[in-house]
Amino acid sequence: MALYLLYESASGYGLFIAHGLDEIGQNTDAVRKSVVDLNRFGKVVKLEAFQPFSSALDALNQQNAISEGLMTDELRNFLELNLPKIKEGKKAKYSLGVAEPKVGSHINEETKIPCQSNEFVLELLRGVRLHFERFIKELKPSDLEKAQLGLGHSYSRAKVKFNVNRVDNMVIQAIFLLDTLDKDINSFSMRVKEWFSWHFPELVKIVSDSYLYAKVLKFLRTKSELSEDKIPGLTDILGDEDKAKEIVEAAKSSMGQDLSEIDLLNVQQFAQRVIDLAEYRKNLHEYLVDKMNVVAPNLASLIGEIVGARLISHAGSLTNLAKCPSSTLQILGAEKALFRALKTRGNTPKYGLIFHSSFIGRASARNKGRMARYLANKCSIASRIDCFSEANTTVFGEKLREQVEERLDFYDKGVAPRKNIDMMKAAIEDAHKDAMDIEDEPSKVSAKKSNKKKSNEENDVSMEDAPTNGDASSVKKSKKKKSKGTTPVDDEPTPVTNGSVSEPETEKKKKKKEKRRLEEQEQTQSGVNGDGTGKKKSKPVEDAETASEVKKKKKSKSKDV
């Protein structure tokens, strides 16, 4: 059986044929040795056809399709033109070797061409890649390098710009910076306390918070300037009047030494830097929370923004975290302890970064391992939903959090939790409802606008159709004429257009209604006669009255004319 090789290069598609290969004796080691020597390899593999790409954009599109395991129309035409045709009902006498198994399966589904991808084929394709520029004589080595470099840049740039709003690189950088700021603020605040304690050592015991200590230091300047006038300002900073009075009292009997103006100036400048760092840390934390609600909303609602961001940064990306099984996610951050336990054959760690979650802290000592395993399972589900779903919703994370809460109750109180299938069905229904509500909002707004427009138009029409002073008398006359009749038809209002009454239209309608009534009465009379009574129903008085009224109106019309 002949073996064709499909090679996707940066400059185009190449089709090669391998001669003199024995299927039984396909030895990969022998191929590896022969790949380096072009004389030996050129006798086995020869170029069959080559189709260059039309442009750099075409090369990028073809590369994206290959990476996704899809066969493009250009590749299909290239294979159908250069490969032998397969007769209907018969097997192919050749096979196509490809580097990507997904592309081979798609080619086989669409064109029925048998494809294979194994170590033997990969070694042959490695030799083709090594000597590709020598198979195509018109192609220069510099041209191939330029094409590879340009395609590599455009392909990586397209992958980076895939979705700007959901880039997890910002989350990784933000959590790294947040951890660094925590360490720096702690060390700097300790240095500020130690420095200013030479002057006012009693302040450390009264104000323990580092941020508030730096603000108080900036406000006090020196203990000699402290008096009862400073108590309102200290109360605003600390939020406690008793502490403010305690600071003033401690300053009167302080054991600290005096500092020079230059020393106090340096201490205050350093305290201001600590205050700025602490405020920037708050802003960065808010930014991280907002970013996590966009990038991984379900993971953030399940385990928290900080712990979720640490998991993403430790895994490298949200995609890598989604690919991790729950057993790996459970011990992320405890790699040293794991390898130490494997080396010494001790107990492996039960949790890594997820230990910082509140669920692990709330569980009892005997249930911490179970809780960590269950929580890692739910975090794995949440990360996969965030990574591969297009909708940005927190419904799944909230439902998974409810499951973890129910599991905690099950460990402590023995209350049976709900099943995973029921929770996921409820989450899917809630997600669909949220999506429908979002879609209905613009339609409701447009409906309100259209209703307002309609009401305005109706008001305009009613204002235009209102009778003038001269036409009011004609309307009154028509009302007087109507009052003479006794039928319900005459009670209907006649339409008014610019002061003139449209009498022909109303008379037609009245005639039609009168005919219908007469026909119904005739039918009822025939029904009575058929009963065997022999009595005929007399016509009601109203019909006679309506007929006389119609005649009167006709006479009045002829007079008006």
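Summing +1 for each Lys or Arg and -1 for each Asp or Glu, what net charge is found among the other residues whose Cβ lies under 15 Å from the Cβ of K46?
Taking every Cβ under 15 Å from that of K46, the sum is +3.
For the range 288-348 and the range 29-74, what is the centre-to-centre distance using only Cα atoms, to the nearest Å?
The range 288-348 and the range 29-74 have Cα centres separated by 39 Å.
Given the protein chains as shown and a 1.4 Å probe, how many square angstrom of H153 are accessible, to the nearest 10?
100
For the range 246-338, which GluC sites (Glu not before Pro) are both in a DSSP coil and crowded by at most 15 other Cβ atoms within 10 Å? Can you show the working numbers first?
Working: sites: E246, E249, E261, E279, E286, E305, E335; in loops: none.
Answer in residue order: no site qualifies.
Based on the Cβ-Cβ distance of N61 and V294, what FRET efficiency does E = 1/(1 + (r/R0)^6) give at R0 = 22 Å, to the nearest 0.05? The partial results should precede the final answer.
Working: r = 29 Å, r/R0 = 1.32.
Computed FRET efficiency for N61 and V294 comes out at 0.15.
If I model a spin label as a point 7 Å beyond the Cα along the Cα-Cβ vector, how far apart are those points for I231 and Y287 in nm?
Roughly 4.3 nm, to one decimal.
Mind listing the phi-derived Karplus ³J(HN,Hα) values for the range 336-347, rounded to whole Hz, using 6.51, -1.76 and 1.60 with θ = phi - 60°, and x for any glycine or proline?
Karplus-based 3J(HN,Hα) across the range 336-347 equals 4, 5, 5, 5, 5, 5, 5, 6, 8, 6, x, 6 Hz.
Hey, if you drop one equal point scatterer on each alpha-carbon of the range 170-284 and run the Debye formula without solvent, what base-10 log of I(q)/I(0) do you get at q = 0.15 Å⁻¹?
With no solvent term, the Cα-only Debye profile gives -0.66.
Can you pull out the GluC sites (Glu not before Pro) in the range 1-109 whose DSSP state is coil and whose Cβ has at most 15 other Cβ atoms within 10 Å? If you can, show how the numbers build up before the last one.
Details: sites: E8, E23, E48, E68, E74, E80, E88, E109; in loops: E23, E68, E88.
Sparse-neighbourhood loop GluC sites (Glu not before Pro): E23, E68, E88.
Could you list which residues have their amide H under 5 Å from that of G12, counting only those 5 or more apart in sequence or on another chain, with H placed in the peptide plane?
The list, which skips near neighbours in sequence, is F53.
Taking a probe of 1.4 angstrom, what is the accessible area of K223 in Å², to the nearest 10?
So the heavy atoms of K223 present about 30 Å² to solvent.
Amide H to amide H under 5 Å from G97: which residues, 5+ apart in sequence or cross-chain, H placed 1.01 Å off N in plane?
Y4, L5, L6, Q116
Could you tell me the calculated FRET efficiency between N169 and R373, based on Cβ-Cβ distance and R0 = 25 angstrom, to the nearest 0.05?
Efficiency at R0 = 25 Å is approximately 0.25.
Testing the spin-label approximation: label points 7 Å from Cα along Cα→Cβ at E138 and S208. State their distance in nm.
Rounded to a tenth, the inter-label distance reads 8.2 nm.
Under a Cβ-Cβ cut-off of 12 Å, what is the net charge of the residues other than F135 that fall near it, where Lys and Arg count +1 and Asp and Glu count -1?
On the way: positive: K46, R129, R134, K137; negative: E48, E133, E138.
Taking every other residue near F135 into account, the sum is +1.
Using protein chains only and a probe of 1.4 angstrom, how many square angstrom of T180 are accessible, to the nearest 10?
Using a 1.4 Å probe on the heavy atoms, I get roughly 70 Å².
Using θ = phi - 60° and the Karplus form 6.51 cos²θ - 1.76 cosθ + 1.60, what ³J(HN,Hα) does each residue of the range 187-199 get, whole Hz, x for Gly and Pro?
After applying 6.51 cos²θ - 1.76 cosθ + 1.60, I find 5, 5, 5, 5, 5, 5, 4, 5, 5, 7, 5, 5, 9 Hz.
What is the set of long-range amide H partners of E48 at a cut-off below 5 Å, with H atoms built 1.01 Å from backbone N?
Under 5 Å from the amide H of E48: L15, F16, I17.
Can you work out the FRET efficiency for the pair N39 and R418, with r the C-beta to C-beta distance and R0 = 60 Å, to the nearest 0.05? Spell out each step's value before the answer.
Numbers: r = 71 Å, r/R0 = 1.18.
The calculated FRET efficiency here is 0.25.
About its Cα centre, how strong a charge dipole does the range 170-284 have in debye, to the nearest 20, once Lys and Arg get +1 and Asp and Glu get -1 at the Cβ?
Value, rounded to 20: 260 debye.
Taking the solvent-accessible surface of protein heavy atoms with a 1.4 Å probe, what is the per residue accessible area of the range 124-266 in Å²?
63
Taking the Cβ of L226 as the centre, find all other residues whose Cβ is under 13 Å away and add up their charges (Lys, Arg: +1; Asp, Glu: -1).
Taking every other residue near L226 into account, the sum is -1.
For the range 296-433, state the semi-axes of the equivalent ellipsoid (square roots of 5 times the eigenvalues of the alpha-carbon gyration tensor), sorted largest first and rounded to whole angstrom.
25, 20, 11
State which entries of K46/K102; K193/K215; K183/K336; K90/K112; K399/K419 exceed 18 angstrom in Cα-Cα distance in the structure shown.
K46/K102; K183/K336
The values are calculated or read from the model by the stated rules, or taken from the named source; none is laboratory data. As the structure is a computational prediction, the values presented were derived from the model and not from experiment. Neighbour counts are summed over all protein chains in view; Cβ atoms, including those assigned to glycine, are modelled from backbone coordinates with ideal geometry. The area values use the complete protein model at the heavy-atom level, side chains included, leaving out ligands, DNA and RNA. Shrake-Rupley method; radii C 1.70, N 1.55, O 1.52, S 1.80 Å.
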